[in-house]
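Q: The structure follows.
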Amino acid sequence: MGEIKFLQGNEACALGAMRAGLRFFGGYPITPSSEIAEQCARLLPCSGGRFIQMEDEIASIASIIGASLAGSKSMTATSGPGFSLMQEALGYGIMAEIPFVVVNVMRGGPSTGHPTGPSQGDIMQARWGTHGDHPVIALYPESVPETYYEIIRAFNLAERFRQPVIFLMDEILGKMNESVEIKDDISVFEREKIQSRDGRYRPYAMKDDIPLTANYGEGLRFHVTGLFHDETGFPDVSGENIQKNMDRMYRKIENNIEELQKWEESGADNPEILLVSAGTQARSAKMACQELNSRGISAAVFRPVTVWPFPEKRLSALAARSKKVLVVEMNKGQLADECRKFISDEKLIPVNQLNSEMISPDEIIRQVEGVL
Amino acid sequence: MAGKKEFLIKINLDFCKACGLCYSYCPTKAIGPDKEFRASVVDADKCIGCLQCENYCPDFAIEIEEIK
Amino acid sequence: MFDYAEYLRLDKLPHIWCYGCGNGIILKGAIRAIDKMGWEKDSVMAVSGIGCSSRATGYLDFNSLHTLHGRAIPFATGIKMAKPELNVIVFTGDGDATAIGGNHFIHAARRNINLTVILFNNNIYGMTGGQYSPTTPKGYFASTAPYGHIDPSFDIVELALGAGATFVARSTVANPREMEKVIHEGLKNKGFSLIEVVSNCHERFGKRNKMKSPYEMIEWIRSRSVSKVKAESMEAEEREGKIITGIFRQETRPEYVETYDELVLKKARGGI
Ligand SMILES: Cc1ncc(C[n+]2csc(CCOP(=O)(O)OP(=O)(O)O)c2C)c(N)n1
Ligand code: SF4
Ligand code: SF4
Ligand code: SF4
Ligand SMILES: [Mg+2]
C-alpha cells in the first residue's frame, strides 16, 4: 500500500501534476483555483521546474504553450473568468497540437458570478469555448483521490495525443479534503525524443495521425504557427490541406476513443432509472441511487470521467434499456443537451439547479419518484 | 587606376519587387531602373561598394561582392 | 560579402511583404546584428505575434514560433523559463506589442527577463488594412480615422523606460546601419531589451497621407529623425513630432530567470 495523504482537492491536483512530471506552471490567481498555483510555486523549484505568476490568464496560457514547445510539461489553473480569457490560446494549442493541461475549477458564472460557489456551467465552454471546429479532451473527477490520478492521466493524454487537455474541477472538489493513497507504481507518459533528420525536418509529419514534433532547442529548427499548416509547419490554407488536417485532427481522437474515454457505472444492472451525472454532483447522485436501490427501485448511475469526447456509445446502450434517464447537473442542462443527440425527449429528464448548491440526494430521489 | 576596388552587383530578379529603393539611394547611380522599374546595372565601374542598395533592399534582391 | 542566405529559409522567398516595405529592411538589419553575436542557429528562438511584421519569423532559419496577436512576449517568456539557454528574440508590431499586447510588454520589461524585442513601428495596423494604431500620429489619416486621427500616441521608448527595460533604443529604416548597431547592442544585453524601429507602410499608411512610394515615406521618416544627443539641446516644442533615435538606456540589473534560479539554489542550501 502506498502512502496515505490527507489533501485538499486543489492540492491533490498540484501534487498529481508534479507526479506526472510537471516542469512549468504559469498562472494568474483566481478563486477557487488559487491553491493550485500556490502549491506549484512551492513545489516546482524544488524539483527542477519553474513557476511564474503572469500578468493575466492570456499570458499564463501563452507562457505554458511556449514552455511546452521548449520541452517542459506545462500546466495552468484557473476558474470561469480566467478560462474565458484563455479560449483563444487554447485554440492555438489545438491547432498547433501542443501538449499542456488547463485546469478549470468551475465556479458560478457568467461573469464574476459567484466566486466561492460551485457550478458545472463550463461543460460546454470546455467543448466549444474556442472558435472553430475542433476536437477536445476534457476530464472531470469526482473526488480528491480521483483528482490526483486523473490529473496524471490528463498529462499522459496531452503528451500522447499532442493535444491540450482541459481538466475540469468544481469549487466543492477544489476546496474539499479527503484521503489519497499515493501509489508507488504510476505510469507516466514521456514525450518521444525526436532526433533524426532525414532531409529537412518536418515537425508535422504524422505517426498514426499524431505529429512528430520535436522540442525547441534540441537541434531541429522548425516553425510553428496557428495558421493551418502542412507537414513542414508552414502555412497552407488551401481548402484541400484544411480539410485533410481537420479530418485528421478529429480522427486522432475518434480512432482512439476507447483509450480516451472513461466512465463509472454503479447501482443496478439493466436499470429502469438511469442517473447521469459528473464531478462532485455524481456523488450525490450515487447516494440517491443507493437509497433508491434499498427501496427496491432499479436505478443506476452513469458518471463520465472523460467528459469530452463524451462516452456516448456506452451511455446510449444503457439508456436504450432504461425507462427514464435523469441527467443531474449544477447547470442549465449542458450534459442533458449532449444526451439529447441520442436519447429521446420522452426518456430524457434534465434535473438542474442554479443556486450555487449541489443538488441533494433527497431532491434527486424526489425527481425520480415524480417520474416513476 | 591602381588599387581601385571593383565590385560585382548581383541582382536577383526573381526577388526584386521594383520598389526603387536601391537605385534611389545609390550615390553614384551605378544602378538604375529597368523598363519595369526593377533594379539594373547602369555602370558597374561607378560602384563604390557603399552597400546602400543592399541595406535598403527589403527583398534580398541585390548584393554587392568585392571582386578586387 | 554578407551571406544572408545562411540565415534565411530561401524556399519561403520572395516574402509576402509589399514592394519597398520597411519590414524587409529591418529583417536584414536584424540578421546582420544576430550574425555579429556568433550564435549557433539552433540556439536562436524567434517568436512573433500577428501582423505583417510578425511574419518575419517564418523567413528565418532559426527555431521559430508565430503565435497570436499580441501574445508573442508571454509565449517567449514561457520558452525562456523552460530553456534559458535559448537566445530568444521577439519580432512584433506597434499594434501587436503596444495595443493588444501592451500589458505583456510592460510586465516583461518590469521583470527584466532576457528577451530582445524588435518592434516594427509602422504607425499603423498594416495587415488588417490600415486602421490606426497606438502610434499613429495625431492629425494623420487611417482607414478608421477617415477625418483625421485624434488619439494621442504612445512614445514606445518612454513606455519601455517607465516599465523598467534595461536596454531601450530607437532607430529607423532610414538608417539601416545604425539600426543594425542598436539591435546588436540590444542582443548583447542580458535582460529585457526593446529596440523600436520606425518603419514605412506606404501601402496602408503612406497612401492615405500623401506619401505614395516607399522612398517618399522613408524620406519623411528621415526628415523627422533627430539623434538623442541633438534632441537634448532642443526645446520641447521643437521636439514635438520628431523621431528621436539612439540608445536611451543600457544598464545591468539582475535578469529574471537567473534571479529565480539563484533563489532556488539558496533554498536548496537551506538558506530560506
Ligand atoms: C485577437 C485578434 N484581434 C484582431 C486580429 C486582427 N489583426 C491581425 S494583425 C492586426 C494588427 C497588426 O498591427 P501591427 O501589430 O502594428 O502589425 P503590422 O501589420 O502593422 O506590421 C490585427 C488587428 C487578430 N489576428 N487577433
Ligand atoms: S554599393 Fe553603393 S555605389 Fe554600389 S551600386 Fe550599391 S549603392 Fe550604388
Ligand atoms: S531595392 Fe531590391 S526590390 Fe527594390 S528595386 Fe532594388 S533590388 Fe528590387
Ligand atoms: S501593408 Fe504595409 S506593413 Fe504590410 S507589407 Fe504592405 S507595406 Fe508592409
Ligand atoms: Mg503596425
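Every number in this text was worked out from the coordinates using simple rules, so none of it is lab data. Remember, predicted model here, so these are calculated numbers, not experimental data. All Cβ positions, even for glycine, are placed from backbone atoms using ideal geometry, and neighbour counts span all protein chains on display.
Q: Per residue, how big is the convex hull around the C-alpha atoms of the protein assembly as shown? Give it to me in cubic angstrom, could you?
A: Each residue corresponds to 191 Å³ of Cα convex hull volume.
Q: Would you mind working out the magnitude of the charge dipole of chain B relative to its Cα centre, with +1 at each Lys and Arg C-beta and -1 at each Asp and Glu C-beta, to the nearest 20 Debye? Before the final figure, lay out the partial values.
A: Details: 9 positive and 11 negative charges, 42 e Å.
Once rounded to the nearest 20, the dipole reads 200 debye.
Q: Follow-up question, since we're still on this one. Mean residue ellipticity at 222 nm from the helices of chain A, using -39,500 (n - 2.57) per DSSP H segment of n ≥ 4 over the full residue count, to the nearest 500 deg cm²/dmol? Can you show the working numbers first?
A: Details: 14 runs with 143 residues, N = 372.
So the helix-based figure for chain A works out to -11500 deg cm²/dmol.
Q: So what is Rg over Rh here for chain B, counting just Cα atoms and using Kirkwood for Rh?
A: My calculation of the ratio gives 0.96.
Q: Take the Cα pairs of chain A, get the Kirkwood Rh, then feed it into Stokes-Einstein at 4 °C and 1.567 mPa s and tell me D in µm²/s.
A: 61
Q: Taking every pair of Cα atoms in chain C, average 1/r, invert it to obtain the Kirkwood radius, and report Rg/Rh to two decimals.
A: 0.98
Q: Pull up the DSSP beta bridges for the protein assembly as shown and report the antiparallel fraction as a percent, rounded to 5.
A: 35
Q: Could you compute the FRET efficiency for A:N255 and C:E258, with r as their C-beta to C-beta distance and R0 at 45 Å, rounded to 0.05?
A: Numbers: r = 45 Å, r/R0 = 1.01.
Result of the calculation: an efficiency of 0.50.
Q: I've got another one for you. With no solvent and one equal point scatterer placed on each C-alpha of segment C:162-234, evaluate the Debye formula and give log10 I(q)/I(0) for q = 0.13 Å⁻¹, two decimals.
A: -0.48
Q: Compute the signed sum of charges (Lys and Arg +1, Asp and Glu -1) over the other residues within less than 11 Å, Cβ to Cβ, of A:K262.
A: It works out to a net charge of -2.
Q: Pop out the ³J(HN,Hα) list for segment A:87-104 in order, Karplus 6.51 cos²θ - 1.76 cosθ + 1.60 with θ = phi - 60°, rounded to Hz; leave Gly and Pro as x.
A: Karplus values, whole Hz, x for Gly and Pro: 4, 4, 6, 4, x, 4, x, 5, 5, 8, 6, 10, x, 6, 10, 10, 8, 10.
Q: No solvent, one uniform scatterer per C-alpha: report log10 I(q)/I(0) for segment A:263-371 via the Debye equation at q = 0.11, 0.17 1/Å, two decimals.
A: So the normalised log intensities work out to -0.27, -0.68.
Q: Based on the Cβ-Cβ distance from A:E357 to A:K207, what FRET efficiency comes out when R0 is 60 Å, to the nearest 0.05? Working shown, then result.
A: Details: r = 48 Å, r/R0 = 0.79.
It comes out at approximately 0.80.
Q: Given R₀ = 35 Å, FRET efficiency for A:K332-A:Q243 by Cβ-Cβ distance, to 0.05?
A: The computed FRET efficiency comes out at 0.50.
Q: How would C:D151, C:D94 line up from fewest to most surrounding beta-carbon atoms within 10 angstrom?
A: Taking fewest neighbouring Cβ atoms as first place, the list is C:D151, C:D94.
Q: Rounded to the nearest 500, what is chain C's calculated 222 nm mean residue ellipticity when only DSSP H runs of at least 4 contribute -39500 (n - 2.57) each, over all residues?
A: Result for chain C, helices only: -10000 deg cm²/dmol.
Q: Here is a further query. Any idea how far apart C:K188 and A:F342 come out in nm if each label point goes 7 Å out from Cα toward Cβ?
A: Between C:K188 and A:F342, the label points sit 6.6 nm apart.
Q: Determine which lysines satisfy two conditions relative to A:K207: a Cα distance under 30 Å, and not lying fewer than 8 residues away in the same chain.
A: A:K73, A:K193, A:K244, A:K252, A:K262, A:K313, C:K12, C:K41, C:K80, C:K83
Q: Next question. Would you mind pulling out the separation of the Cα centroids of segment A:178-237 and segment C:208-272, in Å?
A: Between the Cα centres of segment A:178-237 and segment C:208-272 lies a distance of 37 Å.
Q: I've got another one for you. Given points 7 Å out from each Cα along the Cα-Cβ axis, report the A:E264 to A:E192 separation in nanometres with one decimal.
A: Reported label-point gap for A:E264 and A:E192 is 3.4 nm.
Q: For B:K46, put the label point 7 Å out on the Cα→Cβ axis and report which residues of segment B:18-39 keep their amide N under 17 Å from it.
A: The answer is B:20-35, B:37-39, whose backbone nitrogens lie closer than 17 Å to the label point.
Q: Same structure again: Dipole of segment A:69-181, Cα-centred, from +1 at each Lys and Arg C-beta and -1 at each Asp and Glu C-beta, to the nearest 20 debye? Please list the in-between numbers first.
A: Working: 7 positive and 12 negative charges, 48 e Å.
Here segment A:69-181 has a charge dipole of around 240 debye.
Q: Still on this structure, I have one more. So what's the angle, to the nearest 10 degrees on a 0 to 90 scale, between helix A:34-43 and the longest Cα principal axis of chain A?
A: 50
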